[in-house]
1. Go through the range 15-34 and give me each residue that's in contact with a Ser or Thr (Cβ under 8 Å, 6 or more places away or on another chain) and aromatic (Phe, Trp, Tyr).
2. Can you name every one of the helices (runs of 4 or more DSSP H) wholly within the range 54-160 that holds 2 or more residues which are touching a residue at least 40 places away in the same chain (Cβ under 8 Å) and aliphatic (A, V, I, L, M)?
3. Starting from residues that are over 17 Å from Gln156 (Cα atoms) and modelled with pLDDT of 85 or more, keep the ones in the range 86-106 and report whichever is surrounded by the fewest Cβ atoms within 10 Å (Cβ to Cβ).
4. Please tell me if Arg147 is among the basic types (Lys, Arg), touching an Asp or Glu at 6+ places or on another chain (Cβ under 8 Å), at pLDDT 90 or above and farther than 20 Å from Thr90 by Cα.
5. If you check Ala143, Ala121, Ala150, Ala88, which single one turns out to be among the small types (Gly, Ala, Ser), in contact with a Gly (Cβ under 6 Å, 6 or more places away or on another chain) and over 22 Å from Gln35 (Cα atoms)?
6. Within the range 11-33, which residues are basic (Lys, Arg) and surrounded by 14 or more Cβ atoms within 10 Å (Cβ to Cβ)?
7. Could you tell me which residue of the range 7-31 is farthest from the chain's Cα centre (by Cα), considering only residues that are without any contact (Cβ under 8 Å) to a residue 12 or more places away in the chain and in a helix (DSSP H, G or I)?
8. Look through Arg47, Arg36 and report the one residue that is closer than 22 Å to Ala3 by Cα, modelled with pLDDT of 90 or more and surrounded by fewer than 16 Cβ atoms within 10 Å (Cβ to Cβ).
Amino acid sequence: ILAAMASQARGEIDLREGSAATALGHFRAALTTWQRAGAPYLEARLRVLAGQACRMLGDEDGTELEFDAARAVFAGLGAAPDLARVAALTRPTSLPSHGLTRREIEVLGLVATGKTNRTIATDLGLSEKTVDRHLSNIFDKLAVNSRAAATAYGFQNGLL
């Protein structure tokens, strides 16, 4: 289990550094352990990371397979915040964005799950100040003044 945790951490570092192929190898190694251990939630979280690595490699089929598998597990476990994160990652670019960038939509999706700026920053590998800036931009672009109003707008207008 420690080796799986280390593989996942190394993969996340590689992914952030742009080494998607190396990251994917680490994720696959950790995934095998979580499958044998019967840890579906941890397996699903790894599938999200593997999907992101596949996307960086231009493998959209692999991306969708990983995201679909993760989505099914999260739905079965009732893990709504994780489902929202996968939804934000899989949002087709053809949907209306209301002037928001892809990253701002991702931040809005995490805000909608009730996450704090600190947690969002950790999840996305950003600084809290950057998350705060994204929220400020979201509020300005959507003409709202609170997290709750932005969330409501997002749901009412098909952003989430």
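1. Result: Phe27, single match.
2. Details: elements: 60-77, 80-90, 102-112, 117-124, 128-142, 147-156.
Because the criterion is at least 2 residues that are touching a residue at least 40 places away in the same chain (Cβ under 8 Å) and aliphatic (A, V, I, L, M), the helices (runs of 4 or more DSSP H) in the range 54-160 that meet it are 80-90, 102-112.
3. In this case the residue turns out to be Arg103.
4. Details: among the basic types (Lys, Arg): yes; touching an Asp or Glu at 6+ places or on another chain (Cβ under 8 Å): no; at pLDDT 90 or above: yes; farther than 20 Å from Thr90 by Cα: yes.
Answer is no for this residue.
5. Just a single option satisfies the conditions, and that option is Ala88.
6. Residues of the range 11-33 basic (Lys, Arg): 16, 28.
Of everything in the range 11-33, just one residue is basic (Lys, Arg) and surrounded by 14 or more Cβ atoms within 10 Å (Cβ to Cβ), namely Arg28.
7. The initial filter retains those residues of the range 7-31 that are without any contact (Cβ under 8 Å) to a residue 12 or more places away in the chain, namely 9, 13, 17, 19, 22.
Restricting the remaining residues to those that are in a helix (DSSP H, G or I) gives 9, 13, 22.
Details: Ala9: 16, Ile13: 15, Thr22: 19 Å.
Looking at the filtered set, the residue picked out is Thr22.
8. Values: Arg47 fails: surrounded by fewer than 16 Cβ atoms within 10 Å (Cβ to Cβ).
Exactly one residue qualifies, and that residue is Arg36.
The values are calculated or read from the model by the stated rules, or taken from the named source; none is laboratory data. Here the structure is a predicted model, which means the values were calculated and not measured. Please note: Cβ atoms are built from the backbone with ideal geometry, for glycine as well, and neighbour counts cover all protein chains shown.
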